[in-house]
């Protein structure tokens, strides 16, 4: 158990640093800003595969967990950011102030997506997993299909319906 | 909505979604019929499909940017601790680096603040570890830690030296630095890394952007953010891959890519890449367009072009400024660089010291120690080198070091060797000796044979150096001490004797070098347990050194330490304490502060106090040594573990078993991390922990710990070894206490057999084993067996210790009990009485055994019809009980 906890902790660290790298590459208009979530998760896999706690996992299973880690890191960050916007006092140096706008909207959108995904999971856990893996983990349709044990056609259909449902939820929710 | 309903909605959605509007309308009317709610669900879904454009359609990267990136510095606090923030210097994976100024004194610092600690505890501990690492390092070429603290919300920060300068490669390009100067800068980098290595810190992320050159040309090494304390028992996950996490792949060593063990050799590799870049003008591998997996493949499989080849095809403006090295110069630079960055850690320079030496060789126009891919070649090297007498001794030692490094790496004790090596490089000899420290008995016969074979060749080469007696004498001494470390005492003996003779013949009987040979030979005698001879030799060495050298000479201090050690081994604790105290003072003067030698002398002094029973002094000195060791070696060096064990032993003697346990456990964690699970030192540590647990009546825990120790010892020493026997004794004692008599008989039986094979001619330890086994037989009522064993024990004690030794007395007392159990009261009274008398005559009689004997004597005399004598002993029993 301790080992699993450590492994996950390491994964969260990696996920965080990868996301930050991605974000800062984008911000600085770096040429490598084309890094996709796929590359991100692959990178995390390269860095963690073979570590205790991950050694027994298949790459696919790892990506599934990594996607979850990415989601949690981002949601957590969004919560902090959002809370700050709600008038939480800036206590730490690290709470830099943001210009109102994109940031808050990203944060609130992410939080809304998270809530909607939780609702979707109640309707269809498979579809929620699929969205999480695709969006946060950058998994391709073929990989997702393989992971969920369905045909690619089914995975496609699931994705499309889930995406439509989420769009409806997100638009009506805000 | 329910899951079923959702299925239904989706089914309709999929049918409808690709129809044209009219067909879709018709279809939906037909399917949904009167169910308006179903219809509206499906409609909403179809609208969602068309509209899209939610966060899901955005790039994750841009979303991440929105939530993770801060906008500007507008919201920076103005003040952190005593510092006023002036601006931002940059950011890394861990945190933001700010430029700040100390308000009272006005000096500027770089202030690093951990960002987003909430992500995982790992971040917080890694940040703390960087701070600790910096606190430990004090070197002009390493950015210095000044201060640390936490913000009101607990966010940690630390302040360090603010360095203004250019990354090493940029500096060289902009200043058109010529080759010689580049190598001197590179050497400065190596020295900084070497300093870190001496503190058991691996940087793991060496690259030009972490190495700044200031305007006046000074080197500053920065960013120990992913540095690793060699000994820190990191989480297992951390241990494998963290290194790569933020490592720049271009400078990453193959083992960082594969997740194999990183070590000092990892930094050697990165230094090699940096040197490559300085020489060739570009990186060895072009990874700019490679995906991570391609990059790893390249790093693992591809051989870099020789720097000379790359440099020659550079455009003129990119070429190395200044005089170009000639063909042979380039050949040496190629070898130097490619040896440092060899894909196999074992084939690299065994340490940064070795790398520095070769840089120096190059700068002085001397041949390198390294040869392309041929470590074995090196040994043959020093004969060819004997024209260059100046560097010969150093070179020869370095050759052996190269070899030894090579083989010890192969043995899997690279860390012992490399770090031990790094700890004391001032003296070539010390360096070489230390390569072997801790590795010796752990080596299997086959492996030590390798080393010995090579050393044998080294000896042959040394033999051929008759024309250079000064160097030959030194070499013989060095090789002799290496053999001593390897446990090859006969070989060591003849080499050290030869060293002494050669030096006496060449330099005269009273030359200080002769003193050095005398002390070395004497120290060997200590290990051979020939204490008279040892003391004589070392005293002669001390006298000579004191007569011929100033007191401030390190050889005087070393000789004095050696004398203290021999006195300690002889059990002359009072004298040892005096002499070691003197050695401590000499080292203090000579080393101007703390040094490994001083720490060792203090450690021996603490030991002497311990054995002399001065537990207070032993305790306080051990604490001093521990603190000094931490400053000298860092937190987790084996020296620290040794000192923790010593402290534990003091607590144990005081009966503070819980504290003893704590120290032993702390030591065990370090020992394990350093030497690994299967090392005899780990076993020794487990054994001590087991004893502390026994003392705390935690028998089951103790048995588990001791069984583990036994298994390790059997693997590392083989089944026939005194250490194995000693652990068997502990296990037997617990088993007996738990009334597991068969098990106890098995343990003690194996113990006795082991000692008998270790000491075929007899030994008091054989007696201890027999005596302990007799306890089991006594409990089982097998008195004949017990009697036989006890007679054997008494015989061994009397012969190998003395007829009046405590052990002899205890043996006889126990024998008396067994005889009485058999109704042989007269014989019982005789044995018990004799034992009783011996015990009684000792300065601090063992009251428990006195009572034991008195009980038997009282009963025996009752049986023998001497009630008055029986009453006498009953009175004695009461006395000793009340006297307690």
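Remarks
Matching residues to (1) modelled with pLDDT under 90; (2) more than 20 Å from residue B:672 (Cβ to Cβ):
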site	(1), (2)
B:696	yes, yes
B:703	no, no
B:709	no, no
B:716	yes, no
B:719	yes, yes
B:724	yes, no
B:727	yes, no
B:732	no, yes
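- Cβ pairs under 9 Å, 6+ apart, first in region B:291-309 and more than 12 Å from chain A (Cβ to nearest Cβ) and over 27 Å from residue B:329 (Cα atoms), second modelled with pLDDT of 75 or more and not in a helix (DSSP H, G or I): B:298/B:285; B:298/B:286; B:298/B:287; B:300/B:343; B:301/B:343
- Evaluated against (1) in contact (Cβ under 8 Å) with a residue 24 or more places away in the chain; (2) touching a helix residue (DSSP H, G or I) at 6+ places or on another chain (Cβ under 8 Å), residue B:841 falls short on exactly one condition, (2).
- In region A:165-174, the residues that are assigned to a helix (DSSP H, G or I) and either away from chain B (no Cβ under 12 Å) or surrounded by fewer than 22 Cβ atoms within 10 Å (Cβ to Cβ) (or both): A:168, A:169, A:170, A:171, A:172, A:173
- Checked against the criterion of being within 48 Å of the chain's Cα centre (by Cα) and not in a loop (DSSP other than H, G, I, E, B), the candidates B:809, B:828 yield just one match: B:809.
- Filter result for residue A:162 (under 20 Å from residue A:62 (Cα atoms), in a helix (DSSP H, G or I) and at pLDDT 90 or above): no
- Flag if residue B:71 is modelled with pLDDT under 90 and touching a strand residue (DSSP E or B) at 6+ places or on another chain (Cβ under 7 Å): no
- Inspection of region B:714-724 identifies at least one residue that is part of a helix (DSSP H, G or I), free of Cβ contacts under 8 Å to residues at least 12 places away in the same chain and over 28 Å from residue B:817 (Cα atoms).
- Options A:116, A:128, A:112; residue that is within 13 Å of the chain's Cα centre (by Cα), within 14 Å of residue A:169 (Cβ to Cβ) and within 12 Å of chain B (Cβ to nearest Cβ): A:128
- The requirement of being part of a helix (DSSP H, G or I), over 19 Å from residue B:775 (Cβ atoms) and in contact with a helix residue (DSSP H, G or I) (Cβ under 6 Å, 6 or more places away or on another chain) is not satisfied by residue B:819.
- Test: residue in region A:134-151 that is modelled with pLDDT of 85 or more, over 23 Å from residue B:63 (Cβ atoms) and within 11 Å of another protein chain (Cβ to nearest Cβ): no
- Here residue B:677 passes the criteria (1) modelled with pLDDT of 80 or more; (2) closer than 30 Å to residue B:623 by Cα; (3) not in a helix (DSSP H, G or I) except the one numbered (1).
- Those residues of region B:487-513 which are surrounded by fewer than 18 Cβ atoms within 10 Å (Cβ to Cβ) and under 14 Å from residue B:528 (Cα atoms), in sequence order: B:487, B:489, B:490, B:493, B:494
- Qualifying position, being modelled with pLDDT of 85 or more and surrounded by 20 or more Cβ atoms within 10 Å (Cβ to Cβ), among B:834, B:871: B:834
The values are calculated or read from the model by the stated rules, or taken from the named source; none is laboratory data. Just so it is clear, the structure is predicted and the values come from calculations on it, not from any experiment. Counting neighbours? That spans all protein chains shown, and the Cβs are built from the backbone with ideal geometry, glycine included.
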